[in-house]
Amino acid sequence: MNRKYRKTIIAGNWKMHKTASQTKVFAERLKGALPRVKRCSIVLCVPYVDIPAAVKILKDSRVAVGAQNLHWEASGPFTGEISAAMLADLDVKYVIIGHSERREYFGESDLIINKKIHAALNAGLRPILCVGEDLEQRDLGVTLEFISYQLKAALAGVSSEEMRRVVIAYEPIWAIGTGNTATPEQAGEVCAAIRGVLRKLYGARIARSTTIQYGGSMNETNAEALLRQEDVDGGLIGTAALDTEKFLQIIQTANQD
Ligand code: PEP
């Protein structure tokens, strides 16, 4: 991470875990034990139904609440869906877009992801855009080309001004929920390549100031080495973010000098 130019962001992605009652317990504990975080921002991306409880408890803390998805239309006949404005109205600040589980299990195409990025930005939210290769792509040596394509597609039509609010999460699919964390070198290489793509798309200043997280089995023991990479500016954390003590340890690590 390079704090001179950009923010370190530690974000938890709870996926479909925890009820509203469990969220209250977690948020109280997190708030109560949170160190003075001067050097990183913290985000907790919870299921939709847990948002009010999380926002209420974390209101005056340094933890921002995020969502894990949205619908790209402002309103309409989309049964079961939630719009960006509905999230913003609940004081949600961030939203994960393009997570590989949404791409794989819910058929989200690059076009849909691009629409969701625009919807998030138009509502004043900060999208956390997930990109990452699968094992076959890594083995074939096409990781960087594939991620470059994903970035260009997802960010089509996003202005330089809007780009200041976008966070990128590099999440190799083979590392998510598997315990097979990318090595710090692998994470560092791809995050640097992502910054290279942003430089071509938006210029050096924006590329330098964009937060690029690593996600994929990051935990309290491997976070330090991953975060020591120059181009890794934080983490998007699934499993380890379900446990307050582990999540707090990762925050402590990111908060170190
Ligand atoms: C994720 O779902 O974004 C993730 C990184 O999960 P995990 O930390 O469990 O690999």
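Brief remarks follow.
- Simple label model, 7 Å out from Cα along Cβ direction - A225 to K24, nm: 4.1 nm
- Global geometry of the chain, whether rounded, prolate or oblate, following the gyration tensor of its Cα atoms and the 1.5 cut on a/c: rounded
- Relative protection proxy for 243-255, 115-127, from highest mean packing down: 115-127, 243-255 (other beta-carbon atoms within 10 angstrom).
- Computed over segment 117-254: relative contact order in percent, which uses C-alpha pairs under 8 Å that are six or more apart: 23 percent
- Sequence-distant residues sharing a close amide H with S83 (under 5 Å, placed H): H71
- Most mobile listed residue (R208, R228, R36) in the chain, GNM with C-alpha springs under 10 Å: R36
- Counting charges near Q249 (Lys, Arg +1; Asp, Glu -1) among other residues having Cβ under 11 Å from its Cβ returns a value of -3.
- Take every Cα pair under 8 Å whose residues are at least 6 apart in sequence, average their separation, divide by the length of the chain, and the relative contact order is 23 percent.
- For L44, residues with placed amide H under 5 Å, excluding near neighbours: G12, A64, V65, G66
- Positive contributions from Lys and Arg (+1) and negative ones from Asp and Glu (-1), summed over other residues with Cβ under 9 Å from the Cβ of L144, come out at -3.
- Near A74: Cβ cut-off under 15 Å, other residues only, Lys/Arg at +1 and Asp/Glu at -1. The net charge is -1.
- Area of T79 that stays accessible when all protein chains are in place (1.4 Å probe, Å², to 10): 140 Å²
- Area of H17 that stays accessible when all protein chains are in place (1.4 Å probe, Å², to 10): 90 Å²
- Approximate spin-label separation S75-D139, in nm, with each point projected 7 Å along Cα-to-Cβ: 5.0 nm
- Note on the chain: with a GNM built from Cα contacts shorter than 10 Å, the maximum mean-square fluctuation among K24, K200, K59 falls on K200.
- Links that overshoot a 27 Å alpha carbon limit, given the list K7/K93; K93/K246; K56/K152; K24/K152: K56/K152; K24/K152
- Probe 1.4 Å - accessible area at M86, Å² to nearest ten: 100 Å²
- The largest accessible area among V37, V142, V55 belongs to the first residue in V142, V55, V37, and the rest follow in falling order (1.4 Å probe, all chains).
The values are calculated or read from the model by the stated rules, or taken from the named source; none is laboratory data. Here the structure is a predicted model, which is why all the values come from computation and not from measurement. A quick note on method: Cβ atoms are made from the backbone with ideal geometry, for glycine too, and the neighbour counts reach across all protein chains shown. Each accessible area value is taken on the protein alone, full model and side chains, heavy atoms only, with ligands, DNA and RNA left out. Shrake-Rupley method; radii C 1.70, N 1.55, O 1.52, S 1.80 Å.
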